[in-house]
Amino acid sequence: MLPRLNTTPSPGPLRPFFMASSPSQSLDRFLARLLKQDPPRAKSLCVSLLGDALGPHGGAIWLGDLIELLAPVGVNERLLRTSVFRLVAQGWLQSERHGRRSLYLMTDTGRRLTALASQRIYDGPPQAWNGEWTLVALPRNGANGLAERAELRRELEWEGFALVAPGLFAHPATEARAAHDILEKLGIPDKALVLAARDLADAGGLPIASLVPQCWNLDAVAEQYRLFTRSFSPLTAWAAHASPAQAFALRVLLLHRWRRIVLHDPQLPMPMLPDSWPGSAARELCARLYWALFDASEIHLEAIASRENTHYRPLPPAIDQRFGGRPAAG
């Protein structure tokens with residue numbers, strides 16, 4: 001079962017409050033309510049920004065510029081410095097001193113981790129399924145000790161696997177390579193079996209897919225998708241009016257909130273999900289708002305992040321494939 005989501009009742013959806021004020025004032029109020037409703041954690045917000053905005057531009061930024069970018073979304077300088085220090089300690093970033101200034105660059109580890117997350121953030125669950133499962137089986141003489149087994153279980157569940165029987169984890173869409181990578185990361189590549197399989201329910205056995213409600217906590221994920229839709233729907237008619245600074249702040253919060261949900265979603269194939277799965281409508285809304293804000297947000301990002309930054313790069317063409325592709329102009 002996936003890590004438990006925070007299902008504490010929110011203050012309620014962000015209701016339309018745009019009448020009798022300018023678009024700029026309305027958007028400022030919308031931003032303020034987003035921050036009040038769900039204040040982002042500095043370190044997690046930094047990771048969202050690295051993967052979505054900074055990585056594609058070369059993955060390097062001056063600390064002062066990072067502080068300037070994130071101040072409007074509720075991250076003060078002290079919290080940001082602490083968060084960046086922790087990301088360096090965890091191998092996401094490395095630092096370079098240039099006189100009294102610090103330049104932070106994404107490491108190979110940081111790029112690899114954000115690339116893995118990007119597949120779930122922008123691509124979504126498989127629309128079809130060939131009936132194959134990836135299984136991870138722990139033999140009796142496998143992972144040693146409760147601590148080692150608990151860590152393996154946490155990593156597999158984060159990847160979307162579920163425990164379907166004692167010592168047996170399963171996922172219908174994740175590739176075997178992801179399971180092997182987890183075992184390598186934990187230093188136990190020879191302590192578990194990674195298998196590809198099909199169930200034989202037609203021969204009278206229990207279909208593994210019938211275990212979905214028991215093994216994956218889809219109700220909690222579904223409620224988070226509904227909350228996302230209620231929170232961000234009012235922005236649909238107003239995103240195009242955002243200034244570059246507003247567009248950047250809104251894009252950061254939109255993508256950050258979205259990332260937190262989809263990384264708790266096991267990404268089961270669509271044929272295995274309940275009818276009227278709220279994740280589909282939420283993803284469509286997120287994509288529409290993301291592209292409505294994107295160009296203006298890039299103006300703000302470039303104005304700040306490219307200053308005296310020789311690592312800053314133009315966006316690669318692959319960015320246009322996010323969320324199924326950039327909508328055609330007009």
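A short reminder: the numbers here are calculations on the coordinates, not readings from a lab. Keep in mind that this is a model prediction, so the values were computed, not measured. A quick note on method: Cβ atoms are made from the backbone with ideal geometry, for glycine too, and the neighbour counts reach across all protein chains shown.
If I fit a long axis through the Cα atoms of helix 278-305 and take the longest principal axis of the Cα atoms of the chain, what angle between them do I get, 0 to 90°, rounded to 10?
The two axes meet at around 40 degrees.
To the nearest 500 deg cm²/dmol, what mean residue ellipticity at 222 nm is calculated for the chain from DSSP H runs of n ≥ 4 alone, each contributing -39,500 (n - 2.57), summed and divided by the residues?
Dividing the helical sum by the residues of the chain leaves -14000 deg cm²/dmol.
With unit charges on the beta carbon (Lys/Arg positive, Asp/Glu negative), name the residue among Leu105, Val221, Gly324 whose Cα is farthest towards the positive pole of the charge dipole of the chain.
It is Leu105, whose Cα lies furthest towards the positive end.
Classify region 94-202 as rounded, prolate or oblate, taking a ≥ b ≥ c as the square roots of the eigenvalues of its Cα gyration tensor: rounded when a/c is under 1.5, otherwise prolate if a/b is larger than b/c and oblate if not. Write down the numbers at each step before the final one.
Values: a/c = 3.44, a/b = 1.63, b/c = 2.11.
Oblate, because a/c is 1.5 or more while a/b does not exceed b/c.
For Cα pairs less than 8 Å apart in space and 6+ apart in sequence, what is the mean separation divided by the residue count of region 132-198, i.e. the relative contact order in percent?
Numbers: 95 pairs, mean separation 36.5, N = 67.
For region 132-198, the relative contact order is 54 percent.
List the trypsin sites (Lys or Arg not before Pro) within region 153-189 that DSSP assigns to loop and that have no more than 15 neighbouring Cβ atoms inside 10 Å. Provide the component values of the computation, followed by the final result.
Working: sites: Arg153, Arg154, Arg177, Lys185; in loops: none.
Sparse-neighbourhood loop trypsin sites (Lys or Arg not before Pro): none present.
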